[in-house]
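The structure appears below as structure tokens.
The values are calculated or read from the model by the stated rules, or taken from the named source; none is laboratory data. Owing to the predicted nature of the structure, the values given are computational and were not obtained by experimental measurement. Cβ coordinates were reconstructed from backbone atoms using ideal geometry, including for glycine residues, and neighbour counts include every protein chain displayed. Note: areas computed on protein heavy atoms with side chains; ligands, DNA, RNA excluded. Shrake-Rupley method; radii C 1.70, N 1.55, O 1.52, S 1.80 Å.
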Amino acid sequence: MEGKKIQKRLFGTNGVRGIVGKDLTPELVLSIGESFGSMRKGQIAVGRDTRTSGETLINAVKSGLLAVGCDVTDCGILPTPALQYLVKEQFDGGAMITASHNPPEYNGVKIIESDGTEMGDEETIKLEQRIFDHTYSTNSWEYVGQETIAPHLIKDYITAIANFFPDKPGMGITVVVDPGSGPACSTTPQILTRLGCRVLTINGIMDGTFPGRLPEPSMDGLKGLAALVVSSGAAFGVAHDGDADRAVFIDENGQFVEENQEFALVADHICRQKKGVIVTPVSTSQMVEIVAKKNNSTVTYTPVGSIYVARTMRSLIKNGAHVIFGGEGNGGLIFPDHQFCRDGGMTAAMMVAILASRGQKLSQLLEQLPRRHMIKDKISSVGGAAILNALKSAYSHGIIDETDGVKIFQGNSWALVRASGTEPLIRIIIDAEDEEQGRALQDDLKETIQKVT
Ligand code: MG
């Protein structure tokens, strides 16, 4: 199991992120390339999402990698999970230029290890230290690396997913895909077509200004997708975030599918086929636990962040556990038979397979899931540690989980309270049996918090 979170200086939960030209400069990305390249050596794959700053930053990371002697393969514009898949299959490491769901002015770097997972905390801290200490030197002319341009490799990723579903479960199913002008424009429609689906797209042309909607697939941004699903009579709509490691859904009636329901629905489908362990952060709704129990499977919890999920899945498997599924309640799903990272294209394909095998409409399948009531709240406060300690002692008579922040269990409900790592904020998630119990727990928590603030 991956242990506790370690605070990093440059990197957040999902790589380095910042506003281009302000906190995220080509100089910084160059030094990340040099530092990473001097740690890992070999053949490194690079790629980017569709952001307007992508070209300058991918050239910076390539320059850094080449200068310290790595050979670089530029895979062009592709989803993060596509690059992760290619790295796992044929490279010694990877660097993805993306800011995922952030607005267009942002960009960032995700570092990928040779097994396709994002770099873990301990290695990232070493990488950061190298940048601060400048403990690498650039090579002389005989030893600089060589670059290969390989935009065609994206096809390997599409084929890998299509091969998972040889029975063509998409025959007779219409799907509307909203890649949000991001890199999945050239993957998810192709994947679903290979599955036999009839595919329509919206925001299907790559554009780093994101003219149709922002990279975060929010309910508001997906109104166009929802309207097209209804007017075309599609079975569902699927939308990705800016680097397509996440997928969220619209049902056949144009209704947004809450991401915890999505997670539970896919978990249920997988558990029906094989028993084992599901891995997810402590913030995911209890729905998945209920679904797992019903199917004689279990859930293992991690700190919040897909990297902790992916690495825990790997270490459980190493210790002999049968891990069948993982991911987060935000549309980031991990299918271990495919790869150990969130994969939006694979998630879209899985939804087609679920509808085909169950023979019911998406809204009908959602109706059959356990009912939970989730409340998300935040409180402005600088006294994060004091509040968490106060909650721990106030609720010490019951069950408390400290995997990430403080998770308090009360009857069949729970509350997760975490201090934000980047803002003076306390985040609260409550997952209750019904609205009444959720509100009661929320009021109770707020009263305790008010006493110490
Ligand atoms: Mg993302």
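Quick rundown of the values:
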| read-out | value |
| --- | --- |
| Per-region count, the stretch 61-96, residues within 16 Å of the ligand (Cβ to nearest atom) and closer than 20 Å to Gly120 by Cβ | 8 |
| Residue count for the stretch 97-132, restricted to those that are at pLDDT 95 or above, within 16 Å of the ligand (Cβ to nearest atom) and charged (D, E, K, R) | 1 |
| Every pair of residues 6+ apart whose Cβ atoms lie under 6 Å, when the first sits in the stretch 290-314 and is free of Cβ contacts under 8 Å to residues at least 40 places away in the same chain while the second is crowded, with 21+ Cβ neighbours inside 10 Å and hydroxyl-bearing (Ser, Thr, Tyr) | Val309/Thr302 |
| Flag if Glu216 is open to solvent by 30 Å² or more (accessible area, probe 1.4 Å) and within 16 Å of the ligand (Cβ to nearest atom) | yes |
| Options Glu252, Glu262; residue that is under 15 Å from Gln364 (Cα atoms), in contact with a strand residue (DSSP E or B) (Cβ under 8 Å, 6 or more places away or on another chain), in contact (Cβ under 8 Å) with a residue 12 or more places away in the chain and within 16 Å of the ligand (Cβ to nearest atom) | Glu262 |
| Some residue of the stretch 80-90 being of a type in the set (Ser, Thr, Tyr), closer than 17 Å to Asp156 by Cα, open to solvent by less than 40 Å² (accessible area, probe 1.4 Å) and assigned by TED's automatic domain parsing to the domain that holds Lys126 | yes |
| Condition check for Ile324: modelled with pLDDT of 95 or more, in contact with a Pro (Cβ under 8 Å, 6 or more places away or on another chain) and either under 16 Å from Phe249 (Cα atoms) or not in a helix (DSSP H, G or I) (or both) | yes |
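Quick grid of which residues meet (1) without any contact (Cβ under 8 Å) to a residue 12 or more places away in the chain; (2) within 30 Å of Leu66 (Cα to Cα):
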residue	(1), (2)
Ser140	yes, yes
Lys155	yes, yes
Gly180	no, no
Ala184	no, yes
Gly196	no, no
Met206	no, yes
